[in-house]
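Following: one structure in structure tokens, then a few remarks.
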Amino acid sequence: MRHVAIVGSGPAGYYTAETLQKADDIAIDMIDRLPVPYGLIRTGVAPDHQSIKAVSRRYEGVALTDNVRFVGHVAVGTDVTIDELVGLYDAVVLATGAPNDRPLDIAGADLPGVIGSAAFVGWYNGHPDFAALDPPLGAAGVAVIGNGNVALDVARILAKTPQEFAGSDIVAHARDQLAASAVRHIHILGRRGPHQIAMTPKELGELGHLDRASPRVDPADLPPEGDDALLEPGMRKSVTHLRSFAANPVAKPVTIDFDFFAMPVAIEGEGKVQRVVVERTTLDDELRSVPTGETYAVDAGLVISCIGYQTPPIPGVPYEHGRGRFANDEGRILPGLYCVGWARRGPSGTIGTNKPDGIRIAEMVLEDVGRGAGKAGRPGLDALLASRGVTPVTFADWRRIEAAEVAAALDGNPREKFTSVEAMLAAIGR
Ligand code: NAP
């Protein structure tokens, strides 16, 4: 028997488990610090993107196979160490994602009202770590920093009416606070131009169909139309959306302005954020942003930085600080220790990108561990956790938590999520 532990039960973890579980004589434990599985699917993917979230049914199929076990509410680093896991299992795969924000390194970034997208996204998605965030939504202006899909998610969620959240699983506290929001002007600040965005066409196109909000692009920021021919097809489609926003300005009560060539250089305010100082940029030959010295201010009572994520380091595990991920050679970190998904590659790619990654790492693990080294595996972990008074949440427990969430759903919504670990545990009588 070979024993594999996967730390993290998000997409990368499940795609790895999906391939591993097809092998003979294997037992796979998926350890998660939360009592609920699915990682980014539950707490990262936007609540109004239910078709993307539906992939969790596929992961459920993996979780319900005989040789896969969910070990929830067990924190690696606190309840069990990486060294202990490596001692117990033939292979340990870190699928811990990249849940920390890349720091916004400008003056004033520590003012109240400046938050990272991990916190804001976690807040509207019911991540227990961010349920108490209480983002300031009382001012008309919001600055969203970054030109990726997360910036789009954040702007769209801020702009939607309560009715537009029908059928979503946005949590009650976010639904209520957004319904009372005074936000009217959302600025998406990109330090480069329309041809350098990291936004995909479907997500960008959605901004053109919001009930009370309209996207605005300054035609002067767009490169000559002929230049679009040089773009790869997806990017060309995205830029076509931007051209359409520029050509067809629509007057709706909420505006979403794309500020291109706009680099935030300082955040100012008396005791809380009131404005972002933005420096206009131009591009150099290598398409990097270059400051021009010309600045302007964007009024904002809330600044959300969507500039990418980092994997939290784990003591003793080699780490690449510049790239915010574990130091690894194609997924191998140290003998018996692997990483997959964002923890391996850094925070790029969609949910589906993790599938080939998971398959590759699983195949590598199977090749490396052979028939196994007679390690203790599951029974060893169970004994260790029991000796520490730690009772894991099982997949059957999770299904009871999920049933309670589904039962609490409002009309048309798939579920009403619990937003604290205590409430999740209470649902299973703990
Ligand atoms: P991202 O795609 O890497 O975009 C980060 C953005 O932040 C870039 O526009 C980058 O600009 C900008 N940026 C970085 N540092 C900055 C700084 N110091 N000042 C100003 N701007 C800065 O990251 P993301 O939006 O967090 O998304 C992460 C991954 O998740 C992506 O692969 C994304 O496609 C995926 N995702 C997908 C979906 C979906 O499919 N619906 C939804 C959400 C996220 P430069 O280009 O100039 O560096």
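Odds and ends about this structure:
- From PRO223, PRO249, PRO194, residue being within 14 Å of the ligand (Cβ to nearest atom) and either exposed (fewer than 14 other Cβ atoms within 10 Å of the Cβ) or touching a residue at least 24 places away in the same chain (Cβ under 8 Å) (or both): PRO194
- VAL265 vs. criteria crowded, with 21+ Cβ neighbours inside 10 Å and either hydroxyl-bearing (Ser, Thr, Tyr) or part of a strand (DSSP E or B) (or both): no
- Matching residues, the range 328-355, being touching a Cys at 6+ places or on another chain (Cβ under 7 Å) and part of a strand (DSSP E or B): ILE333
- Residues that are in a helix (DSSP H, G or I), in contact (Cβ under 8 Å) with a residue 24 or more places away in the chain, within 13 Å of the ligand (Cβ to nearest atom) and buried (at least 17 other Cβ atoms within 10 Å of the Cβ) do occur in the range 104-119, at least one of them.
- Enumeration of residues in the range 160-174 that are within 16 Å of the ligand (Cβ to nearest atom) and in contact with a Lys or Arg (Cβ under 7 Å, 6 or more places away or on another chain): ASP169
- Considering residues of the range 26-45 that are among the charged types (D, E, K, R) and buried (at least 24 other Cβ atoms within 10 Å of the Cβ) only, the residue farthest from the ligand (Cβ to nearest atom): ASP29
- Residue within the range 260-275 that is closer than 28 Å to SER51 by Cβ, within 16 Å of the ligand (Cβ to nearest atom) and modelled with pLDDT of 95 or more present: no
- ALA297 being closer than 13 Å to GLY108 by Cα, more than 11 Å from the ligand (Cβ to nearest atom) and outside any loop (DSSP other than H, G, I, E, B): no
- Among residues of the range 341-384 being among the β-branched types (Val, Ile, Thr) and within 16 Å of the ligand (Cβ to nearest atom), the one that is farthest from ALA23 (Cα to Cα) is THR350.
- Selection from the range 270-289 of residues that are crowded, with 16+ Cβ neighbours inside 10 Å and small (Gly, Ala, Ser): SER289
- Within the range 128-159, being aliphatic (A, V, I, L, M), more than 16 Å from the ligand (Cβ to nearest atom) and closer than 21 Å to ASP101 by Cα holds for ALA131, ALA132, LEU133, LEU137.
- Tally of residues being under 15 Å from VAL86 (Cβ atoms) and part of a helix (DSSP H, G or I) across the range 365-377: 4
- Residue identified as touching a Lys or Arg at 6+ places or on another chain (Cβ under 6 Å) and under 16 Å from THR255 (Cβ atoms) among ALA213, ALA182: ALA213
- Filter pass, ASP48 being under 16 Å from the mean Cα position of the chain (by Cα), of a type in the set (Asp, Glu) and surrounded by fewer than 24 Cβ atoms within 10 Å (Cβ to Cβ): yes
- Selected residue (only one of ALA132, ALA118, ALA140 is among the aliphatic types (A, V, I, L, M), at pLDDT 95 or above and farther than 30 Å from HIS73 by Cβ): ALA140
- Scan of the range 356-376 for residues that are among the charged types (D, E, K, R) and surrounded by fewer than 20 Cβ atoms within 10 Å (Cβ to Cβ), ordered by number: ARG360, GLU363, GLU367, ASP368, ARG371, LYS375
- Any chance VAL317 is under 25 Å from the mean Cα position of the chain (by Cα), more than 16 Å from the ligand (Cβ to nearest atom), at pLDDT 95 or above and β-branched (Val, Ile, Thr): yes
- Test: THR391 is within 16 Å of the ligand (Cβ to nearest atom), β-branched (Val, Ile, Thr) and under 30 Å from ALA132 (Cβ atoms): no
The values are calculated or read from the model by the stated rules, or taken from the named source; none is laboratory data. The model shown is predicted, which means the values in this text are computed figures rather than measured ones. Methodologically, a virtual Cβ is constructed for each residue, glycine included, from the backbone with ideal geometry; neighbour enumeration extends over all protein chains shown.
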